[in-house]
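For reference, the structure discussed in these notes is given below.
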Amino acid sequence: MSARNLRLTAQLDWTTLGLVLLLVVLGWLNVVSATAEADVVWDMTGKAGKQLMWMAVCAVLMMGLLAIEGEFFIRTSVIHYALVLLLLMAVLVVGKKVGGARSWFGVGSFGIQPSEFAKTATALMISWFLSRDGRPWHTLATRLQSMVILGLPAGFILLQPDAGTVLVFGGFVFVLYREGLSGNVLLVGVGLLVVGVLTILIGAGTSEYPWLGEASGYWWFLVTFASLGSLVLWLVHEATLPRNRKRMRRWGSTLLVGGLIFSAGIHWGMEHVLQRHQRERIHVLLGIDVDNPDADYNIRHAKAAIGSGGLLGKGWASGPMTAYGFVPEQETDFIFCTVGEEWGFLGSTVVVGLFVLLMLRVLVLAERQRSQFTRIYAYAVASIMFMHFMVNIGMVLGLAPVIGIPLPFFSYGGSSLMGFTLLFGILLRLDAERFSVLR
Amino acid sequence: MELKSRDLEGRQKILGAMVLGVGLIFILRLFAMQITTSHWKNKAERLTEEQETLQPARGLCLDRHGVLLVTNAPSYDLMVVPRLMGDVDTTALASILHVDEEELVSRLNKASRYSRYKASPLVRQLSSREYAQLSLELWKFPGLSIRTRSVRQNVQGLASQIIGEYREADREDLNRDDRYQLGDYLGKSGLEAQYELQLRGTPGVRHHLVDVRNNVRSTLTELDSMPVPGSDLTLTLDVQLQAYAEALLEGKRGAVVALEPSTGEVLAFVSAPSYNGNLLTGTGRGEAYDSLASHPWKPLYNRAVRGTYRPGSIFKMVQGLIAMEAGIISPRTTIVCNRDIIGCHGAHTADDLKHAVVHSCNPYFYEVMRRMLSQHPDKDKFDNARLGMGWWTDRIERFGFGTDLGGNLPGTRSGLVPDSSYYDNIYGRRHWTFRTMYSISIGEGELLTTPLHMANLAAIVANQGWYIEPHLVRDIGGRGKPEGLGQHIDVGVSAEHFEPIHDAMQAVIEDPTGTGRRAKLPGISYCGKTGTVQDGPRADHSVFMAFAPRDNPQIALSVYVENAGAGGEWAAPIASLLIEQYLTGKVSQETRERRIMGATYPLDPQFAQRP
């Protein structure tokens, strides 16, 4: 037993654990600051104290995870996954409705959010599935089955609805990319993003059309997009060698038609699917004028809080924007505002740097594995972290739409902290076993 | 097509680069938001820091004896914070505030546009009574609160035109001086505007941090400062004389200016009709202002400094003085009253200077003027007139005519003293002679003077050849008279020449046939001169200037009553009442006072029949 523990402490990646611990402690300090003075709204001992308790629980959980053989997680992946799917279904039925979404189980004064655990379970499941012998990525069956594994939990979460977590599931595309998914998929994704943004930007305005009068600027965009696309298609056709022409034509026209359909879908969705406040949030992000002065209330105040921090910040627990309730959700999704306001540019840069270091470290861990399972799982951890990092901080900096999604280890909330503890605990244990794995 | 696992390992770098790239973008974005611009910092300060301006007490206005003229009084503005208001019953609120519901809604919208979180005024300057009523109902309307501010109160409602208005700064004021913010008050006219810098004091400031509900959470005391009150303004006015003069002129159009000859200090400064300046504060300001502005007698027009009138006969003394100084006449010079060339009045055939003044003999001063414009026997009549006018204008201007008199009084006009180029412009060079413009010799014609000029003339005569530029301010904040105020000016006529003029002016009052006999005062020997100025088809303007007592004069004044009749009929008795009041502190001529006080237009019954 003692020899085993000795080996574990020797093999454990202290860098990762240290970064995680540092982030948790920094996060807690900010939660304390964000909730300390807002006694008009919340009971002070409540949030910071609860979070401290969750941290203790997670410390125990982490130690427990490190003590469990990695093989256990590999073998029970399917069970975790199935359990989470059941929970996700159950929460749709018996969940507590908070802020329009049914994503919580209420247990006394605490709440549990199954979607936080779904990320870990799905990461285990996809790692197990892809690392099994005889399931090469390039077969269509494997690809489709992978899609189903990722799509099922994402679908249930979408029904809650919790767009932020669904977006996180989108991060699994990076895992698949590492395992052989064509890079073109990422490029097409970027292309679609550009088309989508242009559709919204141009569709929000109106244009004057000859003979027809004024109408949405979108039709103008659609016509330009179609004719330019055809022109490019024809030019490419002329420029390529005859033997490649057929393939080029097929790909090109698929992209053009797909892009047109996607654009039309986005435009229709903006007008008919999204509710007014959601449409306004997107418009605010893209810098389109919105009549409603409250549309950008959250993000305006979040940016004011961060921007007012200056180089060194206003000092811990001394930022009036966070202390006096100007920033909404300031201890959860908008926790980075507290960092920006109170710790300034230097502190924010350090926090961003710590996250980047942690993610890069996880990528290093991933590539040093002999076990394919561990490698895929590590990529899943990095991707989930990356999505949270990108969407959360992007949101408070006004670079991404306002989507409720916590900042890992920083935001107040037991489920989130526990979910990420699970994610990293399993990773650390698997990594510590890297020399004992033969596969 | 299977990719080699070595190729796939390279993808680690691409993913790592993406992580690094996003991190870098965030750091750049943070740099742009936190370091390169203060935009967000200012925004946060606007949200979290509230500066409460502590308005200083504005300086008071006192009369020359320290009697309070203008003081500060509390007034109440109803403020609204739109965010706290919620769904409000505008009908009920409108009925409580006594405003139109539509108007109320538009004001509420305007407040929302300014700020949803900060208070903006909904109704300004409620009276104490309105405030008391409203405060009972206020609890029903969240988001409404009362802000106390200070407004001006003219204690006796005197001298309103000269003291001027203190009211809300307009857009132009805000652009000119960034010390003022929307809703601040400042002196807009008269002395309130002229001495704004001294009166306003320095505001203090108290910094608060507020939370999202606009509750004050903490104070930043290290930045706070206390307000410094404005300086008190001690005026030269004598409040008793001013009040009496305003009372005497009630129901009439005209002006009274009284000076202390030895100092140039203005003792009374009345433009009639006058009004009570307190009408122009409070919720009723707009209505009161409109009725004043549209009144046919123009009460807002300060006749004492802006009314330009022909001086009439009182100007004859100036003519006599400069002619004596130039040696053109002597007190013994006798001139025949030739009524063929210009009309005259009273029974006399040939007068010396004294009698010419007493009789106000027009041919005498016609001849004096003719001699002044014929000083070059070698030149023809055109050149003589032109050269003579140049000489004459110089001397007249030394009496302050045609100038603003330099005493820094608000809104003064210079009037007009025609010179040779003035006539050149009208008639052409060498196209005019003395015959063309002789009417200025008796203070008619093109000459234009204000009641202030005429009072100043009385002071010059009283002082025998000099005056101090008339001014209204005695002291600012205990620091004495502002530097440069009230220069000593010599008019260039020797004191000896004033003796016959004084004799004549005393006779005007004391001679049983004198035109100013109705101004006689028992026990006070003083000097005066009437004037009766034609005003087209309307009744003549009644003019009087005087100083008293003759020896060691204490007061010099001019009285101008528009379309009242002869100078001796109205202006002279008014002046006598004022003189007695000022010198003795009481009025013995009760019949005279009753006649003046009870008078209404038309004052001259001769003109009652005229259309």
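The values are calculated or read from the model by the stated rules, or taken from the named source; none is laboratory data. Predicted, not measured: the structure shown is a model, and the values here were computed from it. All Cβ positions, even for glycine, are placed from backbone atoms using ideal geometry, and neighbour counts span all protein chains on display.
Tally up the residues in the stretch A:167-188 that are within 12 Å of chain B (Cβ to nearest Cβ) and either in contact with an Asp or Glu (Cβ under 6 Å, 6 or more places away or on another chain) or of a type in the set (Gly, Ala, Ser) (or both), please.
4
Only one of these is at positive phi and either touching a residue at least 40 places away in the same chain (Cβ under 8 Å) or of a type in the set (Ser, Thr, Tyr) (or both): B:GLY411, B:GLY388. Name it.
B:GLY411
Residue check: is B:ARG370 surrounded by 22 or more Cβ atoms within 10 Å (Cβ to Cβ) and among the charged types (D, E, K, R)?
no
Could you tell me which numbered condition A:VAL350 fails, if it satisfies all but one of (1) over 27 Å from A:SER146 (Cβ atoms); (2) in contact (Cβ under 8 Å) with a residue 12 or more places away in the chain?
Going through the list (1) over 27 Å from A:SER146 (Cβ atoms); (2) in contact (Cβ under 8 Å) with a residue 12 or more places away in the chain, A:VAL350 breaks only (2).
Quickly run through the stretch A:392-438 and pick out the residues that are more than 20 Å from A:VAL362 (Cα to Cα) and of a type in the set (Phe, Trp, Tyr).
The one that is more than 20 Å from A:VAL362 (Cα to Cα) and of a type in the set (Phe, Trp, Tyr): A:TYR412.
State whether one or more residues within the stretch A:393-410 are surrounded by 23 or more Cβ atoms within 10 Å (Cβ to Cβ), at the interface with chain B (Cβ under 10 Å from one of its Cβ atoms), out of contact with any Cys (no Cβ under 7 Å at 6 or more places or on another chain) and at pLDDT below 95.
Yes, because at least one residue in the stretch A:393-410 is surrounded by 23 or more Cβ atoms within 10 Å (Cβ to Cβ), at the interface with chain B (Cβ under 10 Å from one of its Cβ atoms), out of contact with any Cys (no Cβ under 7 Å at 6 or more places or on another chain) and at pLDDT below 95.
Might you check whether a residue that is facing chain B (nearest Cβ under 7 Å), at pLDDT 90 or above and within 24 Å of A:GLY307 (Cα to Cα) occurs anywhere in the stretch A:376-388?
Checked the stretch A:376-388: at least one residue is facing chain B (nearest Cβ under 7 Å), at pLDDT 90 or above and within 24 Å of A:GLY307 (Cα to Cα).
From the list B:LEU93, B:LEU104, which residue is part of a helix (DSSP H, G or I), away from every other protein chain (no Cβ under 14 Å) and under 30 Å from B:TYR180 (Cα atoms)?
After ruling out the rest, the residue left standing is B:LEU104.
Here are the criteria: (1) out of contact with any Phe, Trp or Tyr (no Cβ under 7 Å at 6 or more places or on another chain); (2) more than 23 Å from B:ALA459 (Cα to Cα). Tell me which single one B:LYS354 does not satisfy.
All conditions pass for B:LYS354, except number (2).
Does the stretch A:263-274 include one or more residues that are on the phi < 0 side of the Ramachandran plot, surrounded by fewer than 19 Cβ atoms within 10 Å (Cβ to Cβ) and within 14 Å of chain B (Cβ to nearest Cβ)?
no
Identify all residues within the stretch A:148-198 that are modelled with pLDDT under 90 and part of a loop (DSSP other than H, G, I, E, B); write none if there are none.
A:GLN160, A:PRO161, A:ASP162, A:GLU179, A:GLY180, A:LEU181, A:SER182, listed by residue number.
So, in the stretch A:325-350, how many residues would count as being under 24 Å from A:THR16 (Cα atoms), surrounded by 24 or more Cβ atoms within 10 Å (Cβ to Cβ) and of a type in the set (A, V, I, L, M, F, W, C)?
Qualifying residue count, the stretch A:325-350: 4.
Select from the stretch A:345-399 the residues that are more than 18 Å from the chain's Cα centre (by Cα) and hydrophobic (A, V, I, L, M, F, W, C) and list them in ascending order.
A:PHE345, A:LEU346, A:VAL350, A:VAL364, A:LEU365, A:ALA366, A:PHE373
Among the residues of the stretch A:320-329 satisfying the criterion of being assigned to a helix (DSSP H, G or I) and either more than 7 Å from chain B (Cβ to nearest Cβ) or closer than 17 Å to A:ILE403 by Cβ (or both), which is nearest to the chain's Cα centre (by Cα)?
If we take residues in the stretch A:320-329 being assigned to a helix (DSSP H, G or I) and either more than 7 Å from chain B (Cβ to nearest Cβ) or closer than 17 Å to A:ILE403 by Cβ (or both), then A:THR322 is nearest to the chain's Cα centre (by Cα).
Specify the residue that is surrounded by the most Cβ atoms within 10 Å (Cβ to Cβ); the eligible residues are those in the stretch B:582-602 that are of a type in the set (S, T, N, Q) and assigned to a helix (DSSP H, G or I).
Ranking the qualifying residues of the stretch B:582-602, first place goes to B:THR584.
Check off (1) modelled with pLDDT of 85 or more; (2) farther than 25 Å from A:MET385 by Cβ for A:ALA204 and give me the number that stays unchecked.
Single failed check for A:ALA204: (1).
Are any of the residues in the stretch B:413-426 assigned to a loop (DSSP other than H, G, I, E, B), aliphatic (A, V, I, L, M) and at pLDDT 90 or above?
Taking every residue of the stretch B:413-426 in turn, at least one turns out to be assigned to a loop (DSSP other than H, G, I, E, B), aliphatic (A, V, I, L, M) and at pLDDT 90 or above.
Yes/no matrix, rows are residues, columns are (1) surrounded by 15 or more Cβ atoms within 10 Å (Cβ to Cβ); (2) touching an Asp or Glu at 6+ places or on another chain (Cβ under 7 Å); (3) aliphatic (A, V, I, L, M):
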site: B:ASP224; (1), (2), (3): yes, no, no
site: B:GLY254; (1), (2), (3): yes, yes, no
site: B:VAL257; (1), (2), (3): yes, no, yes
site: B:GLY286; (1), (2), (3): no, no, no
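Identify, from the list B:LEU457, B:LEU485, the residue that is in a loop (DSSP other than H, G, I, E, B), within 26 Å of B:TYR301 (Cβ to Cβ), in contact (Cβ under 8 Å) with a residue 24 or more places away in the chain and not polar (S, T, N, Q).
B:LEU485
Can you tell me which residue in the stretch A:300-319 is surrounded by the fewest Cβ atoms within 10 Å (Cβ to Cβ), limited to those that are assigned to a loop (DSSP other than H, G, I, E, B) and at the interface with chain B (Cβ under 7 Å from one of its Cβ atoms)?
Ranking the candidates gives A:LEU311 first.
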